[in-house]
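All remarks here apply to the structure that follows.
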Amino acid sequence: MADELRPGWASAAQFVVAQTAVLGAVAYYIGQSYNDGYYGYLGSPREFFDPKLYDVLLIGGRHVFIFFGIGLLACVFLVAGSKGASAWIVAGDTRYFAASIACLVLACAGLIAGYALWSAHRAVLASALTAAAIAMSAFFAFLVSEYPHTAEPARRFWRYGIAGCAVALALISVNALAELAHQNGAKEAADSLGELPVITIYSDRNLFLAGSGVKVTPAKNPRFRYDGLRLVRYANQKYVMVGAGWKPSQTVFVLPEAADFRVDISKPEEAP
């Protein structure tokens, strides 16, 4: 009765607001994951870089359409293929049990291999194998729900399992996206070292800045001079620096501002 009394524009507005809120939340989550991955090679928390909300939503929004576009196409093909395959599989008990066992074995093998690759810091490949294992688990649940002898309560249980697998696949996909962003961010930083500001530090104490391309020269006053540093970012009264010969996975220096050292910053073309 309430729906009949509600104006058409109110229902449309409610629908638009709900969908926009969901997409905005997803965009924000993906944007934050992408930012975390992109700056992750610097070894500093996201709060250090103080990303603005619109930047996060812009990054997330761009990837939401890619993410959901690819995901939607993949789901269409998988569901269509699964329907055809499952209809043939569940038609015979021998085929059904063989396919079910194969799905479980492949799922377990994928999870074990994925865990091993996670331990070896091969995150993208680990994500792909883990996603494949979850997809096998989802197909197993799909077969059980389609099997003619499965009771209706059990069908509902296995369909909920398919939904859980879909959520897990989405989270793993976002994680893989963040890892790719991590690699891209580190590669871009390494490729643009020659364009970053040059840093020279004069310090009364040893700052223990030892890295590729960093040169430490003992002196009398001040006691130490550090050359060969590049400024990646300055924020929250902290210098984020790398050595002039820095490569991804090497040390990144985060140096808080202090009174016992002086920092000289110059453009690359002005450096001695």
With the contact rule set at Cα under 8 Å and sequence spacing of 6 or more, what percent relative contact order holds for the range 81-221?
-> 20
Calculated FRET value between Ser11 and Arg156, using beta carbons and R₀ = 30 Å, to 0.05 | 0.50
Under 12 Å from a label point 7 Å along Cα→Cβ of Asn206: give me every residue in the range 213-230 with its amide N that close.
-> 218, 224
So how do His182, His63, His149 rank on accessible area, 1.4 Å probe, biggest first, that is with the largest at the start?
-> His149, His182, His63
How much of Val16 can a 1.4 Å solvent probe reach, expressed as accessible area in Å² and rounded to 10?
-> 80
Going by average Cβ neighbours within 10 Å, how do the peptides 217-228, 134-145 rank, with the highest at the top?
-> 134-145, 217-228
Karplus ³J(HN,Hα) for the range 222-239 (6.51 cos²θ - 1.76 cosθ + 1.60, θ = phi - 60°; Hz, whole; x = Gly/Pro) runs x, 6, 10, 10, 10, 10, x, 9, 10, 8, 7, 6, 10, 7, 6, 6, 9, 9
Quick calc: nm separation of the 7 Å Cα→Cβ label points for Ala258 and Tyr115 -> 4.3
Whole-number D in µm² s⁻¹ for the range 150-248, Kirkwood Cα-pair radius fed into Stokes-Einstein, 25 °C, 0.890 mPa s | 140
Enter the accessible area of Lys238 (Å², nearest 10), with the probe set to 1.4 Å and all protein chains included.
-> 70
Rounded to whole Hz, the Karplus (6.51, -1.76, 1.60) HN-Hα couplings of the range 160-177, x for glycine and proline | 5, x, 5, 4, x, 4, 5, 5, 4, 4, 5, 5, 5, 5, 5, 5, 5, 4
Report the extension gain between Phe65 and Val124 in nm, rounded to one decimal, defined as 0.36 nm multiplied by the number of residues separating them, less their alpha carbon distance.
-> 19.2 nm
Just read off the accessible area of Trp118 with the full protein assembly in place, 1.4 Å probe, to the nearest 10 Å².
-> 100
Could you pull out every residue, at least 5 positions away or on a different chain, whose amide H is within less than 5 Å of the one on Gln250? Hs are placed 1.01 Å off N in the peptide plane, and Pro or chain starts have none.
-> none
R0 = 30 Å: FRET efficiency of Lys267 with Tyr29, Cβ-based, nearest 0.05?
-> 0.20
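The values are calculated or read from the model by the stated rules, or taken from the named source; none is laboratory data. No experiment lies behind these values; they were computed from the predicted model shown. Cβ atoms come from the backbone with ideal geometry, glycine included; neighbour counts cover every protein chain shown. Ligands, DNA and RNA are stripped out before the accessible areas are found, and what is left, the full protein with its side chains, is counted by its heavy atoms. Shrake-Rupley method; radii C 1.70, N 1.55, O 1.52, S 1.80 Å.
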